[in-house]
Amino acid sequence: MEFNCEKKELQTGVSMIEKIVSTRSTLPIIGNLLFEAQKNSIKISANNLEIGMELSIKATVSKEGSALLPAKTLSGIVSKLPETKIGFKLGENSTIKINYDQSHFNLHALPADEFPALNKVKEGKTFNISPETLHSMIKQTIFAVSGSEEKYVLTGVLLEAGKSSQAGDQTNVRLVATDGYRLAKRGEKIELKSDPGISVIVPAKALSELAKIIDGRDKGEVKIHVSNEQISFRYDDVYLVSRLIQGQFPDYRQVIPKKSATKITLSASEMLRAAERAAVIAAGSANVSAFEVRGGKLYITANTPDVGSVTEVIAADVKGVEKARVSFNIRLITDVLNVIDAEMVTLELGEGLSPGVIKPEGQTEYLYIVMPIRTQEAA
Amino acid sequence: MTIKLLPDDLINKIAAGEVIERPASVVKELVENSLDAGATRVMVEVQEAGKKLISVADNGSGMTEAETKLALQRHSTSKITSADDLFAIKTLGFRGEALPSIASVAKMELAPNPAGQGLTAEVKTLFYNTPARKKFLKSNATEMGHIGDIIAKYALARPAVAFRLTADGKVLLNSPGTGNLLDAVLAVYGPELTRELVPVDHPFRSGRVHGLISRPTISRLDKNYETFFVNGRYVKNFLLNRALEEAYRTLIPNGRYPVAILFVEIDPAQVDVNVHPTKREVKFADNTMVMQAVREAVQVALEVTGKDMGADAGIDAGGEMVEIGSNDQLPISGFETGLQTLITASNSESTELSVDPAQPLTPIYQLMPTYIVATDGRELVLIDQHAAHERTLYDQLSGKKTAGASQILLVPETIELSVGETLALMSNLDNLKCFGFEIAEFGSNSFIVRAVPAVSAKIPAKQLLHDIVTELLEEGGSTQLEVKKENIRKLVACHSAIKAGERLTPLEMAGLIRALFLTENPLTCPHGRPTMIRISQAELTKMFGR
C-alpha cells in the first residue's frame, strides 16, 4: 500500500471515524482503523462491534493495498501534522512510513485480514431523508433517552417511518425517546415513494455519531436501510451501521394527554433563562420547582433550606383555568427548552397531577411530555 | 465434679440447637423428608411465620403408625444403613437427627394418610420449651422470608415436584411440578425475569452443569439470585459463585451480580456433603475442575446468546468513548446527574486549570473513575463520588419540602418479587411511601410502581425498588418505626446516588462538590464512611522527605 493525500482530508476523515473506536474492549484489534487504498481514494473503517463506520478520502494511490493502524496513535499524529501532502507507505515487517516535508514516522501496522469486517445491511426496508431534517429530529429527541443500561430499550430512540396510527398525526417519519419520566416526540412529513412501515429502536450512540456527521450539512440525502437486526445510514462518502435494540418500546400514543385545563403561550428564551436561574436554587432540593399560572403570568419558584429561594415571573398568554399549580423537575424543563428552535412555546397543564406538555407554538411536529412531581405541600 | 451421661431429651435439645435455628429450619427438614419419601406434591402451610403452626403434607411413601414412633428417636433413619453409604449419599437427609430434634423443641405430630400413601407432619408452638431461642426469632416478615426462600429453593431444585406455600391462608408460591425448570422459575421469580434467562448445558469430565442464567442485560444487587444445586441439593459454596461471576466479568457492571439457577451433577465420590449439620456447604475433591466446568458452561451459554442478539453486545457494553476533559460530549444531556446547574457559565469555558475561590474545592481529575481529585489550592483532596452524592441526597431526603416529593412515572411499571421480597416490601410499604414511592399491590407477589422519590429520577424505577427490596430482605429489619424509616432514607439515598465507575464531566464534579458542602456533614456519608480524604502540605512534605 502506498499513497499520498492532503493533511486536511486525512484529518477530517480520521477525526470523524476515531470517535467510534473502542479502546476499552477485550478485543484489542478493534482499537485500530482499517485503511484500504484503491484507485484514487482511501477507505477508512472502524468497528466497535456495536457500531461500524466507513468513509473515503481523496488520495493519489500508487500501490493498492490495506493495513490496520492504531486509531489513537494515528489521530494524535495526524492532528499535529503540517498542512501539506502526507505520504503513506507500507514497507517490510508491516511498518507504515508516514512522511511529510523532510520528516517521517514509522508506525507499526497489523495485517488487515484480522479486522472484523463491517456487517453491512444488504436487504430490508429503506427511505431517504434530508440531513438537515434528520439532524434536527435527532437533536430534539436524543437528550430524553435513559442513561441506564438496566432499562435497555430506553437507551435507544424509536424510529418510525410510515403512516402514523395516531389519529390526526400527519407525519410519516418520527423519532421518539423517553427515560420513563419524560418523553420527546418529533415527527416530520417528508416525501416517501412508498410506505416503508419501519418501527425500530436505534441505539442513541449511533444517532449521536450520525448527528455529528450530518451537522451543518444541507445538500443531498441520508439513505437509511433497515433490516431485522441492523440499521445503516449513508451520507456522501460516509457509511454508518449499527445493530438495533431488540425489545418493546413503550406505547407513546397512550401517554399523550388528550386535553388540557390550562394552556399558556410565552417566549421560549425568557422561559429558558428563568428556568435556568430557578435551577440554581432547585439543585439543592432534588430539582423540584413549582409552576403556577395566575394573573396572566407564569410563576416558577424553588427553595432550598439554608440556601434560599427564587421566584421567577414571566408574562404569558393564558387560556383556560388560572391558578394551575404543579411541580416539575426543572432539569427536565431546561432540557427541552434548550432544543426548541421556535420563538414562542406553549405549556399545557392538566388537572391535578397530570403531565405537562411543551410544544413550539404553532407546530404540531414536536411534542414534549413531562411528568409532574407530587410534593407534600400539594398533598 | 461428677461426670455423667446426658439424658436423651437433653441430647436432642442440644442437637436441635444446631439443626433447628428458626421456623425455616423446621420447614427445611420436613420438606427434605417429603422429598426423600418420593413425594411429587408438597404442601406447606404456616401460621404466624411458623411460630404457631408448620404443616407439611405430601404424597410420598409415608410411614406406618409404628414407624412414626421410631422416626422420633434419635439416629433413626431409612436413608442409610452403613458407613459405606455415607460416601454415596443420594438422599437429602441421612443423619436421623431431624425429627427428634424438632420434637424436642415443639409439639409434633406425624399423621400417615390412612390410604397408606403420604404423610402430614404438624409442628406447633415451636420453641415453647426453649424461651431463649424463641426470644431470638426475628419479625414475622423476616422469618416468613426465610421460609419462602427455602420453598423457592426446593421448587427450583425439583421442578418435577409441585410445591405450594400458604401463609395464614394466603398462597405465596405455587409451582406446577411439570418437570420443566422454566415453569418452576416462573412460579418463583415471575415472568419478567424468566424471559431474560437462557439455558446452560455443559458436560465435563466428572459430570454435567445445566440450568438457567441471565442475559447480561439484567443484573442484581446481591448474590441471592445465584442459586446452586449440587446433585439436587441446594448448596452455598463461594467457589461456585466466584466461577459464575468470573464468566460475567466485563459483561455486567462491577458490584452487580447475575441471576443463575445452576445444577452441578457430579460423581458422588467427588463431593463431600457431610461438612455442616444443615448440609448447605459442600466440599469438592477437585475444586479447580468444578470451577472451570461452571465457568465454561456459563461462557458457552453467553456466547450463544451474544450471537442471537446480532452482534456481541456484551463485549463493549458500557464501552466508554468519551474521555474526561474532552469537549466532545455526546449530545445526550440532563439524564446523568443534573448537577451542572450549580456552576456558573464562566467556569465551564475556562480551560486553564485555576483554583476558583468561590468553590470550596476545585476538581482536577476523575480517577478510576470513582474518586474526584480536587484541591483548594493548599491541600490535595480525594473525594469518593458515590459517598459524596449519597450524602447530598440523604440531606435532601431529610428536608421538609423534598422528603416526600414523588416523581410520577410516564407509564406505571409492574415489578415481580419473590416471596421473601414481597414480605420485606409489604412490611416497609408505609416508609417507602414517606419518601415518595407510590406502590400498590397488583396480584400475587407483583406490585405496580407509579412514582419514585424525586431525588431518584435518574435511576429506572424498577431497578431502584428492586435494589432497595433486596437490601431490606438481607437486613431482616428492625421493628422500631423510626429505625425502619431511617434505614429506608439511607437506602434511597444510596441507590439513587451515582455509582463508582460512572464518568462525570468537570462541570458535574464541581456541581457535586458544591452540593456536598451545602450538606450538614460534608465529611461523611450517611453510613459514617468518609466522603473525602485530605492530604496536607505538611504530609506531602514528609512523604517526599523534603
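Coordinate-derived values only; no laboratory data. For clarity, every value in this text was computed on a predicted model and none was experimentally measured. Ideal geometry is used to build each Cβ from the backbone, glycine not excepted, and the neighbour counts take in all protein chains shown.
Show me the GluC sites (Glu not before Pro) within region A:1-98 that DSSP assigns to loop and that have at most 16 other Cβ atoms within 10 Å of their Cβ.
Details: sites: A:2, A:6, A:9, A:18, A:36, A:50, A:54, A:64, A:83, A:92; in loops: A:50, A:64, A:83.
Sparse-neighbourhood loop GluC sites (Glu not before Pro): A:64, A:83.
Which listed residue (B:106, B:436, A:12) has the Cα farthest towards the positive end of the charge dipole for the protein assembly as shown, taking +1 on Lys and Arg C-beta and -1 on Asp and Glu C-beta about the Cα centre?
Highest projection toward the positive end goes to B:106.
Quick one: Karplus J couplings for region B:485-492, per residue in order, coefficients 6.51, -1.76, 1.60, θ = phi - 60°, nearest Hz, x for Gly and Pro?
Once θ is set to phi - 60°, the couplings for region B:485-492 become 5, 4, 4, 5, 4, 5, 5, 4 Hz.
Residue A:228 to residue A:314: extension gain in nm, 0.36 nm per residue of separation minus the Cα-Cα distance? Walk me through the numbers on the way to the answer.
Values: separation 86, 0.36 × 86 = 30.96 nm, distance 4.86 nm.
Extra length available between residue A:228 and residue A:314 comes to 26.1 nm.
Counting Lys +1, Arg +1, Asp -1, Glu -1, what net charge surrounds residue A:44 among other residues with beta carbon under 11 Å of its beta carbon?
On the way: positive: A:43; negative: A:9, A:18, A:36, A:54, A:237.
Net local charge, residue A:44 excluded: -4.
Quick check on region B:177-264: take the gyration tensor over C-alpha atoms, sort the square-rooted eigenvalues as a ≥ b ≥ c, and tell me if it's rounded (a/c under 1.5), prolate or oblate. Please list the in-between numbers first.
Numbers: a/c = 1.62, a/b = 1.07, b/c = 1.52.
Oblate is the answer for region B:177-264, as a/c is 1.5 or above yet b/c matches or exceeds a/b.
Hey, which lysines would be in cross-link range of residue B:52, C-alpha to C-alpha under 17 Å, not counting anything within fewer than 8 residues on its own chain?
B:28, B:107, B:124, B:134, B:135, B:138, B:170
Which FRET efficiency value, to the nearest 0.05, is calculated for residue B:441 and residue B:539 with the Förster distance at 56 angstrom and r the Cβ-Cβ distance? List each step's numbers first, then the result.
On the way: r = 56 Å, r/R0 = 1.00.
The calculated FRET efficiency here is 0.50.
Roughly how far apart, in whole Å, are the Cα centres of region A:169-207 and region B:175-216?
37
Separation of region B:473-523 and region A:248-320 by C-alpha centroid, Å?
Taking the Cα centre of each part, region B:473-523 and region A:248-320 sit 27 Å apart.
Measure off 7 Å from each Cα along the Cα-to-Cβ vector at residue B:292 and residue A:190, then give the distance between these two points in nanometres to one decimal.
Here the modelled spin labels are 5.5 nm apart.
Once you list every other residue whose beta carbon is under 11 Å from the beta carbon of residue B:200, what net charge do they have if Lys and Arg are +1 and Asp and Glu are -1? Could the numbers behind the result be given before it?
Values: positive: B:208; negative: B:201, B:296.
Charge balance near residue B:200 sits at -1.
When the helices in chain A are scored as -39500 (n - 2.57) per DSSP H run of 4 or longer and the sum is shared across all residues, what 222 nm value do you end up with, to the nearest 500 deg cm²/dmol? Intermediate results must be reported in sequence, preceding the final value.
On the way: 6 runs with 62 residues, N = 379.
Calculated from helices alone, the mean residue ellipticity at 222 nm is -5000 deg cm²/dmol.
Filter B:433/B:484; B:433/B:462; A:189/A:319; A:258/A:359; A:58/A:125 down to the pairs with a C-alpha to C-alpha distance above 21 Å, please.
Numbers: B:433/B:484 13 Å; B:433/B:462 15 Å; A:189/A:319 29 Å; A:258/A:359 14 Å; A:58/A:125 31 Å.
Result: A:189/A:319; A:58/A:125 exceed 21 Å.
Over all residues in B:454-464, what is the mean tally of Cβ atoms on other chains that come within 10 Å of each residue's Cβ?
Numbers: counts 10, 5, 1, 11, 7, 6, 11, 3, 3, 4, 2.
For this peptide, the per-residue mean of nearby foreign Cβ atoms is 6.
If a/c stays under 1.5 just call it rounded; otherwise compare a/b with b/c (prolate if a/b is bigger, oblate if not). Do that for chain A, with a ≥ b ≥ c from the square roots of the Cα gyration tensor eigenvalues.
On the way: a/c = 2.66, a/b = 2.05, b/c = 1.30.
Prolate, because a/c is 1.5 or more and a/b exceeds b/c.
What FRET efficiency comes out for the pair residue B:21/residue B:499, r = Cβ-Cβ distance, R0 = 41 Å, nearest 0.05? Spell out each step's value before the answer.
Working: r = 35 Å, r/R0 = 0.86.
So the FRET efficiency works out to roughly 0.70.
Taking the Cβ of residue B:443 as the center, what net charge do the other residues with Cβ under 15 Å away carry, scoring Lys and Arg +1 and Asp and Glu -1?
Numbers: positive: B:170; negative: B:192, B:413, B:416, B:421, B:441.
Residues near residue B:443 contribute -4 overall.
Using alpha carbon centroids, what distance separates region B:31-47 and region B:243-257, in Å?
Distance between centres, Cα-based: 35 Å.
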